[in-house]
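The values are calculated or read from the model by the stated rules, or taken from the named source; none is laboratory data. Treat the numbers as computed from the prediction; the structure is a model and nothing was measured. So basically every Cβ, Gly included, is an ideal-geometry build from the backbone, and we count neighbours across all protein chains shown. Areas reflect the complete protein model, heavy atoms only, side chains present, ligands, DNA and RNA absent. Shrake-Rupley method; radii C 1.70, N 1.55, O 1.52, S 1.80 Å.
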Amino acid sequence: TINGLIAQQQNASVVVIEHRFYGFSNPRPDLTVQSLQLHTLQQAIDDLVYFAQNVNLPMPGGDNVGPDVAPWILTGGSYAGALTSWTMVNKPGVFWAGYSSSGVVEAILDFWEYFEPVRLNMPQNCSADVQAVIAHVDEVFTGTNETAIQAIKDNFGLGDMTHLDDVAGARKFVMAREVMMMADSR
């Protein structure tokens, strides 16, 4: 990884921090609107700074390696790359340097191109099947047959969702995962 390369070049260590609301780092036991008010960019930036300034690493002298004593390099790719850039601008002087790879600079709500490499590189019979499923689901979801809509939601394990755009968004990831699993099994 780029983190490992930087660490090797600088004779340094790598510390990987789990983002709040991912993995086991949930400050609240649920994902209610009230809980998600703690899930903002500013809070993510503040978490990184708080960690860096307060960590006691489990190693000799681990309580004396903060960014005020040792040069910390904040790195990340994609969203984490953008977070690195935002942190460097929002909290200048905390980290010695920041390395952002492919940092997201523009949010695109309907980024259909995200799955295009998968579609183009899967076996043609598979891509035709996936496209047929997508066309069918889109046709049903734009129709008025509530029974058919519910059947599709249930089939994807999303029966309790009420907003079809949420179902469609989740469906993209469910289908992408299934396609990747089929490709891996070949």
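List of remarks:
- Where T1 falls short, out of the listed (1) closer than 22 Å to P92 by Cα; (2) under 23 Å from the mean Cα position of the chain (by Cα): (1)
- Residues in the stretch 1-52 that are farther than 16 Å from V65 by Cα and either of a type in the set (F, W, Y) or open to solvent by 100 Å² or more (accessible area, probe 1.4 Å) (or both): T1, Q8, Q9, F21, Y22, F24, P29, L31, V33, Q34, Q37.
- Exactly one residue out of T84, T1 is within 30 Å of I108 (Cα to Cα) and touching a Gly at 6+ places or on another chain (Cβ under 8 Å): that is T84.
- Of everything listed in (1) under 30 Å from V167 (Cβ atoms); (2) in contact (Cβ under 8 Å) with a residue 12 or more places away in the chain; (3) among the hydrophobic types (A, V, I, L, M, F, W, C), the single unmet condition for A128 is (2).
- Restricted to helices (runs of 4 or more DSSP H) entirely inside the stretch 26-109, those with at least 1 residues that are modelled with pLDDT of 90 or more and either among the hydrophobic types (A, V, I, L, M, F, W, C) or more than 15 Å from the chain's Cα centre (by Cα) (or both) are 41-54, 79-90.
- Complete set of residues in the stretch 90-137 that are more than 30 Å from A52 (Cβ to Cβ), exposed (fewer than 12 other Cβ atoms within 10 Å of the Cβ) and either charged (D, E, K, R) or in contact with a Phe, Trp or Tyr (Cβ under 9 Å, 6 or more places away or on another chain) (or both): I108, D110, E113, E116
- In the set R177, R171, only one residue is modelled with pLDDT under 85, basic (K, R) and open to solvent by less than 80 Å² (accessible area, probe 1.4 Å); that residue is R171.
- Test: G159 is small (G, A, S) and surrounded by 11 or more Cβ atoms within 10 Å (Cβ to Cβ): yes
- Hits in the stretch 1-27 (condition: touching a strand residue (DSSP E or B) at 6+ places or on another chain (Cβ under 7 Å) and hydrophobic (A, V, I, L, M, F, W, C)): I2, I6
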